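The next block holds one structure in the form of structure tokens; read it before the comments.
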Amino acid sequence: MKKVSFAEFGGPDVLQLIDAEEPHAGPGRIRVAVRAAGVNPVDWRLREGQVLGAHPLRLPAGVGLDAAGVVDEVGEGVAGVAIGDHVFGEGADTYAEFAVLSAWARMPEGLSFEEAAGYPSVVETALRVIGEVGVLPGQTLLVSGASGGVGSAVLQIARERGIAVIGTAGAGNQDYLRGLGATATTYGAGWVERVRRLGRVDAALDLAGSGVIHELVDLTGDPRKVVSIADLAAPELGVRFSGVAGSVPAALAEAADLIARGKLHIPVDASYPLAEAAAAHIDSRAGHTRGRRVIVV
Ligand SMILES: NC(=O)c1ccc[n+]([C@@H]2O[C@H](COP(=O)([O-])OP(=O)(O)OC[C@H]3O[C@@H](n4cnc5c(N)ncnc54)[C@H](OP(=O)(O)O)[C@@H]3O)[C@@H](O)[C@H]2O)c1
């Protein structure tokens with residue numbers, strides 16, 4: 001089968017489309033014929049040799065956590081899913097023609113494979129950080145970096161739970177944030193004052209890692225009301241860095257339910273064929289994805 005792989009850490013040019021042995025579904029796993037794979041920033045971070053503490057890798061390594069596809073092998077002990085089902089979920093080396101998934105859910109009706117591949121990791125992350133920051137219905141959550149994959153999910157889940165959101169994004173994404181129910185403002189010079197004018201902030205999430213932890217603590221008045229997923233220096237200011245995944249099956253079930261009820265939609269910013277994974281990484285790394293980028297197999 002065709003698979004994207006890298007034999008050394010480095011820039012996007014280390015990615016190669018190779019012929020590889022097909023993986024098989026062991027106990028508790030399924031294999032899918034991948035139709036689309038989500039592109040997450042962690043994919044290029046791992047390719048560069050970052051975050052290896054949290055995600056140990058042996059070279060040569062495959063790429064990709066998220067996938068949507070058609071089940072074609074069901075491992076021992078797996079129930080409730082059959083060959084031919086359309087599923088989305090998380091696994092390993094999903095930029096490939098076949099991949100093994102460790103967590104999955106049936107795709108909601110009407111969702112394309114391309115769209116479905118964008119949800120798994122971002123919804124797990126969004127649910128986790130909303131829980132960890134402890135924001136309640138009726139309160140206001142500030143989201144720094146609200147227009148990306150995780151931000152798009154956070155805004156819609158918060159809206160569904162009755163949590164008001166103030167989101168920061170680039171000038172071109174202000175209407176996008178408003179469309180997801182948030183009050184929008186731009187990041188950059190003067191942003192703290194702009195947020196202050198919008199009202200009280202009960203809790204805050206740093207999703208962009210743009211060096212704003214100090215300001216988020218100031219705006220909430222309490223480091224325990226701030227969580228970052230992207231700034232490793234956050235703990236120096238007493239702020240929690242969230243890096244350990246929660247329950248992916250629970251997140252997928254909630255995503256499927258929200259999507260089916262029309263409460264969650266993460267747009268596909270751009271799609272790339274498997275052979276152009278390097279371009280997807282370059283574009284993701286530029287840091288201005290709206291929703292999710294996707295590899296189409
Ligand atoms: N720790 C964890 O468990 C975990 C899990 C998932 C992701 N992450 C990390 O969290 C980050 C976000 O992930 P993602 O998938 O949502 O990324 P993404 O889809 O690539 O989104 C990046 C977003 O950052 C925004 N942005 C860029 N510069 C900004 C700034 N100075 N201030 C505020 N926002 C800015 C962009 O907004 P505009 O386009 O509007 O400029 C863009 O929407 C990544 O660094 C990723 O590695 C961590």
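Read-outs throughout are calculated quantities, based only on the coordinates presented, and are distinct from any laboratory measurement. Just so you know, these numbers come straight off a predicted model, no measurement behind them. Every residue, glycine as well, gets a Cβ built from its backbone with ideal geometry; the counts of neighbours run over all protein chains shown.
The table below lists the values:
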item	result
Amide H within-cut-off set for V226, under 5 Å, with H built and near neighbours excluded	A204, R240
Those aspartates and glutamates that a straight Cα-Cα span of less than 17 Å connects to K263, excepting residues fewer than 8 apart in one chain	E109, E115, E124, E160, E254
Cβ-derived FRET efficiency at R0 35 Å, E193 paired with A279, nearest 0.05	0.35
Cα-based convex hull, the range 1-104, per residue volume (Å³, whole number)	93
Phi-based couplings in Hz for the range 215-227 (Karplus 6.51, -1.76, 1.60; Gly and Pro marked x)	5, 5, 5, 4, 5, 8, x, 7, x, 6, 9, 10, 9
Helix-derived mean residue ellipticity, 222 nm - over the chain, DSSP H n ≥ 4, -39500 (n - 2.57), to 500	-7500 deg cm²/dmol
Cα-based convex hull volume of the chain per residue, rounded to whole Å³	123
Choice from E109, E124, E276 showing the highest fluctuation, given a GNM over the chain with Cα pairs closer than 10 Å	E109
Projected area, mean over directions - the range 123-241, Cα convex hull, nm²	6.1
Likely footprinting exposure, I83, I295, fewest C-beta neighbours within 10 Å first	I83, I295
Karplus-derived 3J(HN,Hα), 6.51/-1.76/1.60, for each residue of the range 154-161, Hz, glycine and proline x	4, 4, 6, 5, 4, 4, 4, 8
DSSP beta bridge pairing in the chain, given as percent antiparallel to the nearest 5	60
Cα→Cβ-extended label distance, 7 Å offset, between L52 and E109, nm	4.9
A99 long-range amide H proximity, modeled H, under 5 Å	V32, V34
Exposure rule at most 14 other beta-carbon atoms within 10 Å, DSSP loop trypsin sites (Lys or Arg not before Pro): the chain longest free segment	59-160
